[in-house]
Amino acid sequence: MKILVAVKRVVDYAVKIRVKPNKSGVETSNVKMSMNPFCEIALEEALRIRENGVASEVVAVSVGPAQCTETLRTALAMGADRAIHVDVGPTTVYPLSVAKILRAIAEAEQPGLLILGKQAIDDDCNQTGQMVAGLLKWSQGTFASKVEHSQVSQEDLDLLPVGGTLPDKDIFGIIIQVLLDKEKQIATVEREVDGGLETICVDLPAVITTDLRLNQPRYATLPNIMKAKSKIIKKIPLEELNVDLRSDFEVVQVTEPPKRKAGMILSTVDELIDKLKNEAHVL
């Protein structure tokens, strides 16, 4: 099975964000850029699946300007087998456009899994994974905090009536209920929801978006960094994918959040109650 992993180049998480003077966006000139942390988690999960013998190849793909090759080099140094870069130049691409590009790449590569970070830390959209799953008409498991995968065994199939379901069957150590067919591949995803954890079972091929608690990404070793420099990154012109990047919305203005007022230390409870009542007006 082949796994396709989407990675995004973003402003490094440790950098203090500055808004451009004309308020058209965030300043990215002369700013340290790195791989989106959620994308690192997605790549790490794909590498672990390959190391467990379930997948045979991990392909990293990035959509953006020429500088995205640096992010793809990082992915190759971490252990990805191949990399694909769709160069869109300086054009800002929004989630629906990225989803259309990833659909075209997935249709060409035919992966068993497409793994993305659940969101990027620059726009926090949390939309691309769901959109590409809809465009591909694939199963999806979002906000994954645990992923398990296997081929359904013949023993399990023998327990199943023709056209029936297998209730409360313990597969991968998790109680699930799923429709089974011969030679059908499935993935079990434990996902974080407001009420706790939800376990779902999806057919492959599928789209999975990763949450922070799924794993701890590895560091690229120096030998692998050197090897990654010689690996070829396939460049695909946008024209070959026949994707229209025109967006149906525009960013009107970007502003910094208001600065927080300095706190104060109060010596008595009476002072606290007075402040809450007469200044904050919450009592």
Subset of the range 43-57 that is touching a residue at least 60 places away in the same chain (Cβ under 8 Å) and among the hydrophobic types (A, V, I, L, M, F, W, C) - its residue that is nearest to VAL31 (Cα to Cα): LEU43
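For every residue, the table says whether it meets (1) among the charged types (D, E, K, R); (2) out of contact with any Cys (no Cβ under 8 Å at 6 or more places or on another chain); (3) touching a residue at least 40 places away in the same chain (Cβ under 8 Å).
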site: CYS39; (1), (2), (3): no, yes, yes
site: VAL59; (1), (2), (3): no, yes, yes
site: THR74; (1), (2), (3): no, yes, yes
site: ALA99; (1), (2), (3): no, yes, no
site: GLU109; (1), (2), (3): yes, yes, yes
The range 230-243: number of residues that are loosely packed, with under 10 Cβ neighbours inside 10 Å and either of a type in the set (D, E, K, R) or within 30 Å of LEU47 (Cα to Cα) (or both): 4
Selected residue [of a type in the set (A, V, I, L, M), out of contact with any Pro (no Cβ under 9 Å at 6 or more places or on another chain) and surrounded by fewer than 17 Cβ atoms within 10 Å (Cβ to Cβ)] from ALA66, ALA60: ALA66
Qualifying residues in the range 125-147 (those that are in a loop (DSSP other than H, G, I, E, B) and within 14 Å of the chain's Cα centre (by Cα)) - the one farthest from VAL202 (Cα to Cα): CYS125
Pairs with Cβ under 7 Å, 6+ apart, first in the range 256-283 and at negative phi, second not in a helix (DSSP H, G or I): GLU256/VAL19; LEU272/LEU266; ILE273/LEU283; LYS275/LEU266; LEU276/VAL282; LEU276/LEU283; LYS277/LEU283
Exclusive hit being modelled with pLDDT of 85 or more and either in contact with a strand residue (DSSP E or B) (Cβ under 7 Å, 6 or more places away or on another chain) or closer than 28 Å to ALA104 by Cβ (or both), set GLU240, GLU271: GLU240
Qualifying residue in the range 26-33 (condition: touching a residue at least 12 places away in the same chain (Cβ under 8 Å), on the phi < 0 side of the Ramachandran plot and polar (S, T, N, Q)): yes
Hits in the range 71-102 (condition: open to solvent by 10 Å² or more (accessible area, probe 1.4 Å), within 19 Å of ILE115 (Cβ to Cβ) and small (Gly, Ala, Ser)): GLY79
Filter result for the condition that a residue is touching a helix residue (DSSP H, G or I) at 6+ places or on another chain (Cβ under 6 Å) and basic (Lys, Arg), over ARG18, ARG9, ARG82: ARG9
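The values are calculated or read from the model by the stated rules, or taken from the named source; none is laboratory data. The structure displayed is predicted, hence computed values, not measured ones. Quick reminder, even Gly has a Cβ in these numbers, built from the backbone with ideal geometry, and neighbours come from all protein chains shown. Remember, those area values only see protein heavy atoms, side chains included, never the ligands or the DNA or RNA. Shrake-Rupley method; radii C 1.70, N 1.55, O 1.52, S 1.80 Å.
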